[in-house]
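As structure tokens, the structure follows; a few thoughts come after it.
Rule-based calculations on the coordinates, nothing more; no lab input. Because the structure is predicted, anything quoted here is derived from the model rather than measured. Please note: Cβ atoms are built from the backbone with ideal geometry, for glycine as well, and neighbour counts cover all protein chains shown.
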Amino acid sequence: MDINEILVIAMFLTFIALLFTGIPVAWVLGGTGVLFAGIGYLADLHLDTITGLDYTTLGLVVNRLWKIMDNWILVALPMFIFMGIMLDKSGVAERLMQSMQELFGRVRGGLAVTVTAIGIILAASTGIIGASVVLLAVMSLSTMTKQGYSMPLALGTIASAGTLGILIPPSIMLVIMADQLGLSVGDLFMGAVMPGLMLGAMYIIYILITGWLKPGAAPAPEDAKPVTPAAFLNVMKAVLPTLLLIFVVLGSIFAGIATPTEASGVGAFGATLLAMYNRKFSFRVLKEVMSGTMNTTAYIFAIFIGATCFALVLRELGGDELIESFLTGLPFGPYGIIFFILGVIFLLGFFLDWIEITLIILPLLAPVISALGLDIDGYGVVDNPELVWFVMLVAMALQTSFLTPPVGFALFYLKGVCPPDVKLTDIYKGVIPFILLQLLALLVLIFLPQLVLWLPANAYG
Amino acid sequence: GDKLLLKTPVAFGTHLPALGSPIKWVSEQLQVMSDGDIKMKIYEPGKLVSPQEILDAVSSGKVNSGYSTAGYWQGKLPAAALFSAVPFGPEAGEYMAWMYYGNGLNLYQEMYDNGGYNVKVIPCAIISPETSGWFSKPIEKPEDLQGLNMRFFGLGASVMEKLGVGTVQMPGGEIFGALEKGAIDATEFSQPAIDQRLGLHKIVKYNYFPGWHQQATVFELLVNKDTWKEMSESKQAIVENTCKASMTNAIAEGEAMQFPVMEQAKQNGVEIRYWNQTMLDTFKTKWDEVVEEKTAADPFFKKVWDDMSTFRQGYDLWEANAFLPRVQKD
Amino acid sequence: MTEQEKLPPVPLADGIDRLINRIGLGVAWVYVLLVLVIILQVVLRKGFAHGLIALEELQWHLYAVGVMFGLSYAQVTNSHVRVDLFYTRFSTTTKRVIEVLGILLLVMPFLVITFLHSLDFVADSWRINEHSSAPSGLPWRWLIKSSIPLTLALLGLAMISRLIRELTLLARGE
Ligand code: NA
Ligand code: NA
């Protein structure tokens, strides 16, 4: 192994090791970058490498940081976050929960199905994972427990439904992926619709089958009332405003009327109107939303900034070439390489979360995929169809990273709001079937790329 | 001799013919001609630093060289666009005549020196006319432009602004997405063979010629001045002459590859249009206004403009007599 | 979405944190402004077929200010994401030592180097009175660029405050 390779591998290992100290991810990334710039500099002096790293070169971090600020695609990010937090405060989700429960009242597993359905609606309205998981847990966990649901099923349903938002558009993850790879946000949003809905449908089918095979695990409530027209009307009243908002935001992007940035701004505005309509809006709420937007945006961008330093130094050490030559040198054939890459991402997802993987690993993989020479039919309309498809595979694989222990953010959020007698191992046990479902969905996408590409290819007239 | 590594971020992907391919050719030739003493490592756009940051990065020594076109710096140096492409300006032959045998190159360097940028500039590619834009509807009269948002490069942008167009500058990679999503309604980018790579024809069908705003475009290699001074005379000559050879190479490549692509575009339903005289006259009138404003606003812009104009007035005598008329469009 | 664990009081650090907190909450209004600017742009573009480049640029200016000032705000609210797999099981003293070492060895070198380079970056922009590269774009680009050193300095201040807090508490044996 030559020195550059050793340095690249050492840099990755140092990063992972430092992560587990609990120092914030952003600073671990930035600090490791600076540390290895120093090591690269010394290696140039004493070990005959030519990384060219030194104090001056590190100044590129500022130019790169500026390009993060000067970026009209990423403006959508805080706006979607604003919209999500505002919806969370607007009380619409609670109303949804109460009324939809009546609709599914007599079906075994009906409550769990309701949770998943609301998870899908929340996902399509914003997809702030933390907010969705917490919201679903607070609204449904105690009810499910009272109805006699098995604890793992209840927990697994909440965690997985709450995580759907990262895949179902609008999704801040897809916005960032589009930015990183120079793809169209619209193509990615549209590409994700069918995979996202498919995954949601798979959850629901799994829950219904479980209810049917093991009535004890997902019972129907004893006092369930028959569905009345009045109950149905109630559900409609609760669902309609939210659906309208989703329709306006996503519809305007898909129809090409608005850019994702404009749609995100309109969505934030619409969520505010919805909160007013529900009489939940106040100056205090606005301040909470602003503060929440500030915090969430900032911690994502802090990781951006740290990662830009890390990626710069990694590139100068020769990381790009190393990974590219390693992957293209694998004796597996194109699909074998894709399986291998997805396997690695799945494993990385145990420890890292989507931001680091998207910012550091994904850009390294794009040229590899383009070089595979896969001939995926995008009907001539989708630019880079094989890359769009691949990104969706990665997105699906990253979806699992929220649920896989030990580092799974959905698990942490859920644990945070569970009663103290619920153990982390209960949660782990609960999410296993849902992780398997996600892997199954991933497999379907690998062999049916049209599930991803059909919509973006046909959406433009 | 001493080995030299030129780390060179580029403003255009090297997969783009004529825009990005020349610098790749330069890097290969440098290696061969210097017996491996000069190595140029190319970084695709944004890998190390984004196109708009190249000047800053080279000047501050964060990288020791970079490949771009001066028009990108017009927010920093108003005169820069004159060294990139000039509306109703010289064609390639005349442009090179002014640069190499007039005062062009000296003024070019002077601009960076006066601006406090620590760079040595070397023209390193030149390409023939660009198309003047892709629109979703025919543009027959000046009012048809009113209210459009358009990606437009360099000085031509100021002309379009005068016609009620909102202009933005964005790198090639961002254009398709912006157009597709309606952030912009129209765009110009480069020559037919390059525009085709961006897939613009999938969204907008009216492709207008001639490129009044860019009859010829010069690309530059920027080298950090400290690096340049440390280079031996032989290395400097190798770099300068490789770039000079690249000028020939780029224009030959650019001239050769347009017509097959235009033929293909026609078959894909693209409407190839030539501006009517009213439109061309309008562009020219507005350009004259822009020149008046820019020369008044920036003394150095005036200095370069005056020099170039004097040269061109002299050249007119030759040009009017030396060349056959262009083939009439049928 | 992040729990803001309450840190024990330390007078000087509390003062700094309060200041940064107030600045952050003040700047957070840019997001409300951003919503309004986007709506205005949509109305102009769709309603009157006349979008403004300056408004488009204003959008990312506002976003950039929000993001950059958010860095120090998220630091004093302790919102930056940690991998807390082992961290939650560490003793309080271990956590404090890690925090101190992390700030001194990872954060500060990164911050100081970026801060110093950003001064040159802004100075260059100021020297040439940099303007947007779009003819009708916003002027005074150095102003928005100045937010880089300013907010990095604030972040540095927030880190120093944290350092004071942890060291004081370590010394007190809390
Ligand atoms: Na979502
Ligand atoms: Na995980």
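Give me the Å³ per residue figure for the convex hull around the C-alpha atoms of the stretch B:1-106.
Residue-normalised Cα hull volume stands at 137 Å³.
³J(HN,Hα) across the stretch A:137-149 via Karplus (A = 6.51, B = -1.76, C = 1.60, θ = phi - 60°), whole Hz, x for Gly/Pro?
5, 4, 6, 10, 4, 5, 4, 4, 4, 5, 6, x, 4
How large is the dipole of the stretch B:91-155 about the Cα centre if only Lys and Arg carry +1 and Asp and Glu carry -1, each at its Cβ, rounded to the nearest 20 debye?
I would put it at about 200 debye.
I want the local charge near residue A:91. Using Cβ-Cβ distances under 11 Å, sum +1 for each Lys or Arg and -1 for each Asp or Glu among the other residues. Could you put the intermediate results ahead of the total?
Details: positive: A:89, A:95, A:279, A:280; negative: A:88, A:94.
So the surrounding residues net to +2.
What is the Cα centroid distance between the stretch A:230-283 and the stretch B:35-82, reported in whole angstrom?
Between the Cα centre of the stretch A:230-283 and that of the stretch B:35-82, the gap is 45 Å.
Please list, in order along the stretch A:171-184, the HN-Hα scalar couplings obtained from phi with the Karplus expression 6.51 cos²θ - 1.76 cosθ + 1.60 (θ = phi - 60°), rounded to whole Hz, x for Gly and Pro.
Coupling constants for the stretch A:171-184: 9, 5, 5, 5, 4, 5, 4, 4, 5, 5, 9, x, 9, 7 Hz.
Convert each backbone phi in the stretch C:109-117 into a coupling constant with the Karplus relation 6.51 cos²θ - 1.76 cosθ + 1.60 (shift: θ = phi - 60°), then list the ³J(HN,Hα) values in order as whole Hz, x for Gly and Pro.
Result, ordered by residue: x, 4, 5, 5, 5, 5, 4, 4, 5 Hz.
Can you list the GluC sites (Glu not before Pro) in the stretch B:24-113 that are in a DSSP coil and have 16 or fewer other beta carbons within 10 angstrom? Mind dumping the intermediate values first?
Values: sites: B:28, B:53, B:91, B:94, B:110; in loops: B:91.
In loop regions of the stretch B:24-113 (DSSP not H, G, I, E or B), the sparsely surrounded GluC sites (Glu not before Pro) are B:91.
Could you tell me which residue out of B:61, B:290, B:124 lies farthest along the dipole of chain B toward its positive end? Charges go on the beta carbon: Lys and Arg +1, Asp and Glu -1, centred on the Cα centre.
Farthest along the dipole direction, towards plus: B:61.
For chain A, what is the charge dipole size about the Cα centre, in debye to the nearest 20, if Lys and Arg each add +1 at the Cβ and Asp and Glu each add -1 at the Cβ?
Details: 18 positive and 27 negative charges, 456 e Å.
With only Lys, Arg, Asp and Glu charged at Cβ, the dipole is about 2180 debye.
Counting every Cα pair in the stretch A:288-408, what percent are over 21 Å apart?
Counting every Cα pair in the stretch A:288-408, those more than 21 Å apart make up 49 percent.
Taking +1 at the Cβ of each Lys and Arg and -1 at the Cβ of each Asp and Glu, which of C:117, A:347, C:86 sits farthest along the dipole of the protein assembly as shown towards its positive end, judged by Cα position relative to the Cα centre?
C:86
On alpha-carbon atoms, Rg over Rh for the protein assembly as shown using Kirkwood Rh?
Here the Rg-to-Rh quotient is 0.98.
With unit charges on the beta carbon (Lys/Arg positive, Asp/Glu negative), name the residue among A:217, A:411, A:203 whose Cα is farthest towards the positive pole of the charge dipole of chain A.
A:217
Of all the Cα-Cα pairs you can form in chain B, what percent are over 36 Å apart?
The proportion of pairs with Cα distances above 36 Å equals 17 percent.
Just to check, using Stokes-Einstein with a Kirkwood Rh over alpha carbon pairs, what's the diffusion coefficient of the stretch B:238-330 at 10 °C and 1.306 mPa s in µm²/s?
Translational D for this selection: 89 µm²/s.
Which trypsin sites (Lys or Arg not before Pro) in the stretch A:33-135 pass both tests, a DSSP loop state and at most 14 other beta-carbon atoms within 10 Å? Could you put the intermediate results ahead of the total?
Details: sites: A:64, A:67, A:89, A:95, A:106, A:108; in loops: A:106, A:108.
Here the sparse-neighbourhood loop sites are A:106.
Note down the relative contact order for chain A as a percent, whole number, built from C-alpha pairs under 8 angstrom at least six residues apart. Could the numbers behind the result be given before it?
Numbers: 679 pairs, mean separation 116.7, N = 461.
Once normalised by length, the contact order is 25 percent.
Run a plain Debye calculation on the stretch B:107-226 (Cα atoms as equal point scatterers, no solvent) and give log10 I(q)/I(0) at q = 0.10, 0.18, 0.23 Å⁻¹, rounded to two decimals, same order as the q list.
Debye curve over Cα of the stretch B:107-226, log10 I(q)/I(0) at q = 0.10, 0.18, 0.23 Å⁻¹: -0.36, -0.95, -1.30.
Which value in deg cm²/dmol, rounded to the nearest 500, describes the helix-derived mean residue ellipticity at 222 nm for chain A, given -39,500 (n - 2.57) per DSSP H run of n ≥ 4 and division by the residue count?
Value at 222 nm, helices only, nearest 500: -25000 deg cm²/dmol.
Rg(Cα) of the stretch A:73-296 divided by 2.2 N^0.38 Å?
Numbers: Rg = 17.6 Å, N = 224, 2.2 N^0.38 = 17.2 Å.
My calculation over the Cα atoms of the stretch A:73-296 gives 1.02.
Take every residue in peptide A:393-402, count the Cβ atoms of other chains within 10 Å of its Cβ, and give the average of those counts.
Mean partner-chain Cβ count within 10 Å for A:393-402: 0.
May I ask you to give the average projected area over all directions of the convex hull of the Cα atoms of chain C, in nm² rounded to one decimal?
That works out to 12.5 nm², a quarter of the Cα hull's surface.
Give the peptides B:119-131, A:71-83, A:41-53 in descending order of average Cβ contacts within 10 Å, highest first.
The most tightly packed comes first, giving A:71-83, B:119-131, A:41-53.
Using 0.36 nm per residue of separation minus the Cα-Cα distance, give me the extension gain between residue A:324 and residue A:370 in nm, one decimal.
15.4 nm
For peptide C:54-63, compute the average count of partner chain beta-carbon atoms within 10 Å of each residue's beta-carbon.
For peptide C:54-63, the averaged partner shielding equals 5.
Take the alpha carbon atoms of the stretch A:1-36, find their center, do the same for the stretch B:162-230, and report the distance between the two centers in whole angstrom.
A separation of 39 Å, based on Cα centres.
In Å, what Rg and Dmax follow from the Cα atoms of chain A?
22.9, 81
What ratio of Cα Rg to 2.2 N^0.38 Å holds for the stretch B:99-156?
It is 1.73.
Treating the beta-carbon of each Lys and Arg as +1 and of each Asp and Glu as -1, no other charges, what is the dipole magnitude of the protein assembly as shown about its Cα centre, to the nearest 20 debye?
3320
Across peptide B:52-61, how many C-beta atoms of other chains are within 10 Å of each residue C-beta, on average? Provide the component values of the computation, followed by the final result.
Values: counts 5, 8, 1, 1, 9, 7, 0, 2, 9, 4.
The shielding value for this peptide is 5.
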